[in-house]
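Asks: Quick one: structure below, then a few questions.
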Amino acid sequence: MIRLLLVDDQTLFRQGLASLLSLEEDLEVVGQASHGKEAIALTEQLQPDVILMDVRMPICDGVVATREIHQRFPWIRILVFTTFDEDEYIWQSLQAGALGYLLKSTPAAQLAAAIRTLHQGYSQLGSTIAHKVFAQLNPPPPVKNSYQQLLSERELEVLTLVAQGKNNREIARALHLTEGTVKNYVSQILTRLGVRDRTQAALWAKQNISI
């Protein structure tokens, strides 16, 4: 069961979202907060697995709350879920420690799937958000070794598809591998490149490999 904390200053929206997510058998809403300060307190008390965080809220906004929670509880996954797609909010939220950023227009089934993926440690970005992220996020420091020395030919193939936004199933189908094998390749790639997640690996690829 994935335990969720919902943070949004719009009470009706928050309650509706809680009812919607509660229909999923593997999701449980354990708490709700109306602003960042309350979210920090409830996180300490409830220790949720995943937090859905709005950005623009009174008293304490989502960026400040995300930074505080990530510093104190780095194992808790934070998914920004908001109506705002301004570059500044996206940049600041991801820099503060959020692992994903989705807009409230995201269909319910897609949101539930994103929560599950986030819980496994993978980043989740809305399709329109991803383009903004690639345009703004600074890539990891260039690796002195050439990528041919860092990665095998197969790992380069997997990384190229990751940079194209493919998920593990799509990569497995394209390379005629099992999803488990692709998952292992992705883990090896993250380790070899010294990056945190698929988003940073994709950024590294776009900076260091002609894709």
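Asks: Relative to the longest principal axis of the chain, what angle (0 to 90°, nearest 10) does the C-alpha long axis of helix 127-136 take?
Replies: 70
Asks: Expressed as an acute angle from 0 to 90° and rounded to the nearest 10, what is the orientation of the C-alpha long axis of helix 198-208 relative to the principal long axis of the chain?
Replies: So the helix axis and the longest Cα principal axis differ by about 40 degrees.
Asks: Taking amide H positions as placed in the peptide plane 1.01 Å from N, state which residues far from residue 33 in sequence (5 or more) or on other chains have amide H under 5 Å from it.
Replies: Here 6, 7, 8 satisfy the definition.
Asks: Let me ask something else about it. Taking neighbour counts of Cβ atoms within 10 Å as a proxy for exposure, in what order, fewest first, do 19, 152, 93 appear? Before the final figure, lay out the partial values.
Replies: Numbers: 19 10, 152 13, 93 26.
Result, fewest neighbours first: 19, 152, 93.
Asks: A further question follows. Run through all the Cα pairs of the chain and give the fraction in each 10 Å bin from 0, expressed as whole percent.
Replies: Over the chain, the share of Cα pairs per 10 Å bin runs 8, 34, 33, 19, 6, 0 percent.
Asks: Also, I was wondering about something else. Can you compute the helix-only [θ] at 222 nm over the chain? Use -39500 (n - 2.57) per DSSP H run of at least 4 residues, normalise by all residues, nearest 500 deg cm²/dmol.
Replies: Numbers: 11 runs with 114 residues, N = 211.
The per-residue figure over the chain is -16000 deg cm²/dmol.
Taken together, the values in this text are just the output of simple stated rules run on the coordinates, not laboratory data. Note that the coordinates shown come from a computational prediction; the quantities given were computed from them, not determined experimentally. Don't worry about glycine lacking a Cβ; one is built from the backbone with ideal geometry, like all the others, and counts go over all protein chains shown.
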